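So the structure is just underneath, and the comments pick up after that.
The values are calculated or read from the model by the stated rules, or taken from the named source; none is laboratory data. Bear in mind that the values here come from a model prediction, so they are computed numbers and not experimental data. Note that each Cβ is placed from the backbone with ideal geometry, even for glycine, and that neighbours are counted across all protein chains shown. All accessible areas refer to the heavy atoms of the entire protein, side chains included, with ligands and DNA or RNA removed. Shrake-Rupley method; radii C 1.70, N 1.55, O 1.52, S 1.80 Å.
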Amino acid sequence: MDPKQMEIFFNHKEICEKLFSGDLQSSFHLLEEKINLITNNSNLETGTYERIFLCSLNHCFYHYFLFLHNCSFCQCCYDNFRSFRLNEDPIKLHEEARRLLFSYYQCITKDCNHHIAEACHFIQNHLAEKLSLDRVAAQIYVNRCYLCQLFKENMQENFSEYITRKRLEQAQTLLRTSRFSIDEIAEQCGFSSSGYFSTVFRKYYGQSPRAYRKTIQ
């Protein structure tokens, strides 16, 4: 196998990046291009190059998600490996490769939803405290860049915007239902000072916390 063939067989970084970004169609397109190059130019025996390529693709997906994004899809990797090893029928490379790719896509989708739910739950229960991207990511055992990307893609707002919105929503509730002072509400909702709380509140709702409370009353 010459260096060019080895690159085609074992380097799947671009497909991994497209898949992780959620671009399934582009991932399929890149996969088809690579398979066509292999089937048209491989000098390996039929039945051998298919298994080499599928095993390489499987391991590449698993290690890419594990080491770059702290996502362990070991069950998916194992199930795919068993499928290649136990299947004695001639391998339909296009079909098997697409199935493999889609199996990881499903894992990513499921994992994203799970991590977002965990992050949002933790944030909601710790609004009074200092909440950084590093802290929340460490709490749910994911990479900080991965968590940042999840918020942008799944929440239609970034991490800090989400936290500010949830703090303001809690502040609104306290202004309506409690007798806490503005200073106390600012502290309970995680704002550094009542002045900063009032500034942010006015920016979002067009009036100060004190004016909002009077309107409700």
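Values as computed for the structure displayed
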{"quantity": "Rough spin-label spacing in nm, given labels placed 7 Å along Cα→Cβ, for Asp134 and Thr215", "calculated": "3.9"}
{"quantity": "Whole-Hz ³J(HN,Hα) from phi, Karplus 6.51 cos²θ - 1.76 cosθ + 1.60, for segment 139-145, glycine and proline x", "calculated": "5, 9, 6, 10, 5, 4, 5"}
{"quantity": "Net charge of Cβ neighbours under 14 Å - reference Tyr146; Lys, Arg +1; Asp, Glu -1", "calculated": "-3"}
{"quantity": "Packing-based ranking, highest mean first, of 74-84, 182-192 given that Cβ atoms within 10 Å are counted", "calculated": "182-192, 74-84"}
{"quantity": "Under 9 Å, Cβ to Cβ, from Glu50 - net charge with Lys/Arg +1 and Asp/Glu -1", "calculated": "+1"}
{"quantity": "Radius, Kirkwood style, for the chain when every pair of distinct Cα atoms is counted (Å)", "calculated": "20.6"}
{"quantity": "Equivalent-ellipsoid semi-axes of segment 46-156, from the Cα gyration tensor, Å, largest first", "calculated": "36, 12, 10"}
{"quantity": "Distance-filtered residues of segment 127-163 - backbone nitrogen under 18 Å, label point 7 angstrom along Tyr196 Cα→Cβ", "calculated": "127-136, 159-163"}
{"quantity": "Charged-residue dipole, Cβ positions (Lys, Arg, Asp, Glu), the chain about Cα centre, Debye nearest 20", "calculated": "1320"}
{"quantity": "Candidate residues His12, His29, His126: accessible-area rank, largest first, probe 1.4 Å", "calculated": "His29, His126, His12"}
{"quantity": "Accessible surface of segment 111-171 [probe 1.4 Å, protein heavy atoms]: carbon and sulfur percent", "calculated": "47"}
{"quantity": "Computed lengthening from Ser178 to Met1, 0.36 nm per intervening residue step minus Cα-Cα distance", "calculated": "56.4 nm"}
{"quantity": "Gained length - Asn40 relative to Asp79, 0.36 nm times residue gap less alpha-carbon distance", "calculated": "11.2 nm"}
{"quantity": "Candidate lysines - alpha carbon under 21 Å from Lys92, same-chain residues fewer than 8 apart omitted", "calculated": "Lys34"}
{"quantity": "Listed peptides 148-156, 49-57, 103-111 by packing density, highest first (mean Cβ within 10 Å)", "calculated": "49-57, 103-111, 148-156"}
{"quantity": "Distant alpha-carbon pairs in segment 88-217 (separation over 25 angstrom), percent", "calculated": "43"}
{"quantity": "Local electrostatic count at Thr177 - Lys and Arg +1, Asp and Glu -1, tallied over other residues with Cβ under 13 Å", "calculated": "+2"}
{"quantity": "Residue-normalised accessible area of the chain, given per residue in Å² at a 1.4 Å probe", "calculated": "57"}
